[in-house]
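The values are calculated or read from the model by the stated rules, or taken from the named source; none is laboratory data. Just so we're clear, the structure is a prediction, and the values are computed from it rather than from any experiment. So basically every Cβ, Gly included, is an ideal-geometry build from the backbone, and we count neighbours across all protein chains shown.
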Amino acid sequence: MQTALFIEQLLNGLQLGVMLFLMAAGLTLIFGVMGLINLAHGSLYMVGAFACAAVAAATGSFWLGLAASLAAAAAAGAIVEILVIRRLYERDHLDQVLATFALILIFSEGTRWIFGSFPLYLDIPPLLQGSVPLPGGSRYQLYRLAIIGVGVAVAVGLYFLIARTRLGMRIRAGESDREMIGALGVDIRTLYTVVFALGAALAGLAGALVGALQSVQVGMGEPVLILAFVVIVIGGIGSIKGALVGAVIVGVVDTMGRFLLPQLFTLVMPASQATTVGAALASMLIYIVMAVILAVRPQGLFAVQR
Amino acid sequence: MRKLIAAGLVGLSMGVSGMAFADPLKIGVITTLSGGGAGLGIDTRDGFMLAIKQANNPEVEVVTEDDGQKPELAVQIADKMIQSDQVDILTGIVWSNLAMAVVPSAVAQDKFYVSTNAGPSALAGAGCHQNYFNAAYQNDNFHEAMGQYANQDYKKTFILAPNYPAGTDSLNGFKRYYKGELAGEVYTQVGQTDYAAEIAQIRSSGADSVFFFLPGGMGIAFMKQYAQSGVDLPVMGPGFSFSQDVLPAIGDAAVGAKNSATWSKDLDNEANKKFVEAFQAEYNRLPSIYAVQAFDAANLILSAAAKASVTDKDAFRAALKEADFASVRGKFKFNTNNHPIQDVYVREVIKEGDVLSNKIIATAFTDHGDAYAEQCAMQ
């Protein structure tokens, strides 16, 4: 039974990691290409979740909701880029942080204005309900396996997009020298809007997928945003590969820490104390890991050469 | 028809409490109207304002401000309300950590504070104050009731709460009355949204039941994931986990869950029937426990104001202490530490047509006070 529990927790960690990757990929792409720190990325995640919940409630189909979440988050991303973000590329990071923080407040209160203050309902689609057997006799939820599958598919898709397509070539060129590709006649403004909308769509997808597991409510994006920042700092800012590795590290370390640390402490102290101390330490664990990694590799694991 | 009844009710209550007070009364409501916890604050405000509207007394003025669930903001608002708005009474705070930041300094400035929800143990025991009245409960109460009720059916319960003061209070309250064995005791992170790791532990622990205290969005996430995981052990929790504000978001997964509270929609008394009807007519939704407690708090304040002027602190304090109002919770009186002595019920989540709600299935405690009253030096 213990091995089964261990495998189950490992899968849980992987699933959390994959979900963080969807967030972190967009964040790191936007930072890598445009040099922009986007605090409002969590709001796009929230937009995705609300769009999915609203459309699923209206039509009864989770899949239509999922499509709507991609469309709504990408549209919100494109609009925000054109109206606000475009003016920030030449400014320093402090101005960017200030403006995108304002966007968080606008998105939050705007969402509350439209949907109200009470959380929305969103359930997993019937097709993905149920569970599959694991080696060792335990069972694992099908929906969480599907999330892992989506994450892997997105990672592979992004790899092909960036390494094999013309758009990917422009994105890579934009990362290394944006003045130069502008001078070569590439429409850099449209490219930026497309990249921003792509990142937003990934965040919206993550929001919709997770919305079925959690509560769809205003402010749901900010805790995930903090974790996503930890991920891209560990992985190396601007690197998609780094985002993937960092996300899996954070997901597995966080889940295993919550599971194993309290048990470890019961070996040396009374049970009720051990659970409190273990839980407290588990919540710090990913930040400790981040500090250690940064001490060894200050640029992150897969630093982008500039 | 509903409007007619509501109008009739308003008219009726005008006749009862529309009398003039000796002096005008100014009340400051500090509550959470933005951010993730806004649902609780909005119910608090709406419940409170319903009572004020029913009283329809031009002598009563209410100012409301949003604390954004931030202690530092709540302290600033309280200072502003006391100094520039010159309120006589403060009320409305939902969260215990905010109450701890605001209440001690407000009562030390000789203002009254009437709590509509938060009831931290520190303010019920050694830190009690003659100007602090709690119209809701002491934090441990709901959890104690669930521990008491669990003794009937369960021998091995898995318990779980967030790792912060109200979370530890919760599990301590549960353990104070629960006699069975614990299959596991887990503290989760505050604001945690994924409970897969904890649910896997529950599955392998050999428990016969689960008790959890996870307020707001945390509880929604836990219940959905728990139902999806296929673990089918019975679930119980304090009423907050299955309150009217979160039930629609949890969905059918909540049906059958046992939870403890001092109030339920079906509680059989005249004041409650009128209240539920009026609240639905006014806001077009069912009230939650937060709305109930705020409604009672407002009526408590109005009952005291009808008897004494708020400028005469001693007389007003004595009038508050009498608790001479028709509580929608039925029986209600104050203990020596100005916290309620009341009945605590066990409810079960049911589905009425399309609407999820609660019904009372048992009484866990009759005339229940709290464990801290004797540490309170005030008499």
Every residue in region A:160-191 that is hydroxyl-bearing (S, T, Y) and at pLDDT below 90, please.
A:S176, A:T190
Taking the stated definitions as given, is A:G219 buried (at least 24 other Cβ atoms within 10 Å of the Cβ) and not hydrophobic (A, V, I, L, M, F, W, C)?
no
Would you call B:P215 modelled with pLDDT under 90, assigned to a loop (DSSP other than H, G, I, E, B), within 23 Å of B:I42 (Cα to Cα) and within 12 Å of another protein chain (Cβ to nearest Cβ)?
yes
Subset of region B:70-96 that is among the polar types (S, T, N, Q) and assigned to a helix (DSSP H, G or I) - its residue that is surrounded by the most Cβ atoms within 10 Å (Cβ to Cβ):
B:S96
Taking the condition within 24 Å of B:Y137 (Cβ to Cβ), part of a helix (DSSP H, G or I), at the interface with another protein chain (Cβ under 10 Å from one of its Cβ atoms) and not basic (K, R), does B:I199 pass?
no
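Let's see how each residue does on (1) under 23 Å from A:A153 (Cβ atoms); (2) at pLDDT 90 or above; (3) within 12 Å of chain B (Cβ to nearest Cβ); (4) surrounded by 15 or more Cβ atoms within 10 Å (Cβ to Cβ):
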{"site": "A:L260", "(1), (2), (3), (4)": "no, no, yes, yes"}
{"site": "A:Q263", "(1), (2), (3), (4)": "no, no, yes, no"}
{"site": "A:M269", "(1), (2), (3), (4)": "no, no, no, no"}
{"site": "A:T276", "(1), (2), (3), (4)": "no, no, yes, yes"}
{"site": "A:A279", "(1), (2), (3), (4)": "no, no, yes, yes"}
{"site": "A:S283", "(1), (2), (3), (4)": "no, no, yes, yes"}
{"site": "A:I288", "(1), (2), (3), (4)": "no, yes, no, no"}
{"site": "A:V292", "(1), (2), (3), (4)": "no, yes, no, no"}
{"site": "A:A303", "(1), (2), (3), (4)": "no, no, no, yes"}
Provide a single number: the residues in region B:97-142 that are in contact with a His (Cβ under 6 Å, 6 or more places away or on another chain) and assigned to a helix (DSSP H, G or I).
2
What number of residues within region B:223-249 satisfy the criterion of being in contact (Cβ under 8 Å) with a residue 60 or more places away in the chain, more than 8 Å from chain A (Cβ to nearest Cβ) and part of a helix (DSSP H, G or I)?
4
Do you know which residues across region B:21-73 are within 14 Å of chain A (Cβ to nearest Cβ) and of a type in the set (G, A, S)?
B:S34, B:G35, B:G36, B:G37, B:A38, B:G39, B:G41, B:G68
Do the conditions hold for B:T193, that is, is it within 26 Å of the chain's Cα centre (by Cα), crowded, with 23+ Cβ neighbours inside 10 Å and among the β-branched types (V, I, T)?
no
Note on region A:117-141: residues part of a helix (DSSP H, G or I) and surrounded by fewer than 16 Cβ atoms within 10 Å (Cβ to Cβ) are A:P126, A:L127
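So that you can scan it fast, the table gives a plain yes or no per residue for (1) touching a Gly at 6+ places or on another chain (Cβ under 8 Å); (2) within 14 Å of chain B (Cβ to nearest Cβ); (3) modelled with pLDDT of 90 or more; (4) over 30 Å from B:Y195 (Cα atoms):
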residue: A:G48; (1), (2), (3), (4): yes, no, yes, no
residue: A:A53; (1), (2), (3), (4): yes, yes, yes, no
residue: A:A73; (1), (2), (3), (4): yes, no, yes, no
residue: A:E81; (1), (2), (3), (4): no, no, yes, yes
residue: A:Y89; (1), (2), (3), (4): yes, no, no, yes
residue: A:H93; (1), (2), (3), (4): no, no, no, yes
residue: A:V97; (1), (2), (3), (4): no, no, yes, yes
Given the condition within 14 Å of chain A (Cβ to nearest Cβ), part of a helix (DSSP H, G or I) and in contact with a Leu (Cβ under 6 Å, 6 or more places away or on another chain), answer yes or no: does some residue in region B:277-299 qualify?
yes
